[in-house]
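Below you'll find the structure, written out as structure tokens, and then a few comments.
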Amino acid sequence: MSLDSEHSEFARLIAQHQRAVQSYILANVPRWGDADEIWQETSVRLWLEFDKFRPGSNFAAWAIRVAHFEILTWRKKAERNRLVFGDDFIACLESEQEQFTSDQAQARLRALDQCLERSSDYQRELLSRFYEPDRQVHQVAEAMKTSVDAVYKSVQRIRKGLRSCIEQRLQHAELAQ
């Protein structure tokens, strides 16, 4: 096997097992953005360790093991990088929050309620389970009989739809005034 065909086969294996590795990462990391970052680091590490993979062995298990170590590295960095906001920053946030009047907040909440009413029962149930305190995404996926990846994608689509609906309703309300 030439080096080019080895690289091609390796790329195919990464593509073939990407979803399994990403699902593993998502099951161990609470936020989609962090999981995406870890997947990128895992992909780089897989290519850097290309010569350590033995063709014919279990690629998915090997890639998940690499992802496991990337998750551990990410967790160590996250612990060290915890942000502590100073009093000046907190005061600035409070003044910004005061500019967002309660009338505006109430209008947004009314629009959200109306948009949620227009959502399907499945969408409302998924959101309710997803945002339930102390519930992990893999538990939501099990309860909804779907994958973790599907839960994240569905919630992302629902939130995007709600955001659009809220903006439309607020815009219509402004025009009516």
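I'd like to know if region 79-88 contains one or more residues that are more than 30 Å from residue 162 (Cβ to Cβ), modelled with pLDDT of 80 or more, among the aliphatic types (A, V, I, L, M) and open to solvent by 40 Å² or more (accessible area, probe 1.4 Å).
The answer is no, given that none of the residues of region 79-88 is more than 30 Å from residue 162 (Cβ to Cβ), modelled with pLDDT of 80 or more, among the aliphatic types (A, V, I, L, M) and open to solvent by 40 Å² or more (accessible area, probe 1.4 Å).
Enumerate the pairs (first residue in region 61-78 and open to solvent by 70 Å² or more (accessible area, probe 1.4 Å); second residue anywhere and among the basic types (Lys, Arg)) with beta-carbon separation below 8 Å, excluding pairs fewer than 6 apart on the same chain, so at least 6 apart or on different chains.
69/45
Just to be sure, is residue 109 of a type in the set (A, V, I, L, M) and surrounded by 14 or more Cβ atoms within 10 Å (Cβ to Cβ)? Give the derivation first.
Details: of a type in the set (A, V, I, L, M): yes; surrounded by 14 or more Cβ atoms within 10 Å (Cβ to Cβ): no.
Taking the combined requirement at face value, the residue does not satisfy it.
When region 7-53 is examined, which residues are found to be assigned to a loop (DSSP other than H, G, I, E, B) and either farther than 23 Å from residue 136 by Cβ or free of Cβ contacts under 8 Å to residues at least 12 places away in the same chain (or both)?
Within region 7-53, 31, 49, 53 meet the criteria.
If I ask for residues that are among the polar types (S, T, N, Q) and open to solvent by 70 Å² or more (accessible area, probe 1.4 Å), which ones from region 120-177 would you list?
128, 136, 139, 156, 168, 171, 177
Count, please, the residues in region 137-158 that happen to be in contact (Cβ under 8 Å) with a residue 12 or more places away in the chain and under 13 Å from the mean Cα position of the chain (by Cα). Step through it out loud before you land on a result.
First, pick out the residues of region 137-158 that are in contact (Cβ under 8 Å) with a residue 12 or more places away in the chain: 137-138, 140, 143-144, 147-149, 151-152, 154-156, 158.
Restricting the remaining residues to those that are under 13 Å from the mean Cα position of the chain (by Cα) gives 137-138, 148-149, 151-152, 154-156.
Matching residues across region 137-158 total 9.
Somewhere in region 24-36, is a residue at pLDDT 85 or above and farther than 24 Å from residue 152 by Cα?
Scanning region 24-36 turns up no residue that is at pLDDT 85 or above and farther than 24 Å from residue 152 by Cα.
The values are calculated or read from the model by the stated rules, or taken from the named source; none is laboratory data. Values in this document were obtained by computation on a predicted structure and should not be read as measured data. A quick note on method: Cβ atoms are made from the backbone with ideal geometry, for glycine too, and the neighbour counts reach across all protein chains shown. Areas reflect the complete protein model, heavy atoms only, side chains present, ligands, DNA and RNA absent. Shrake-Rupley method; radii C 1.70, N 1.55, O 1.52, S 1.80 Å.
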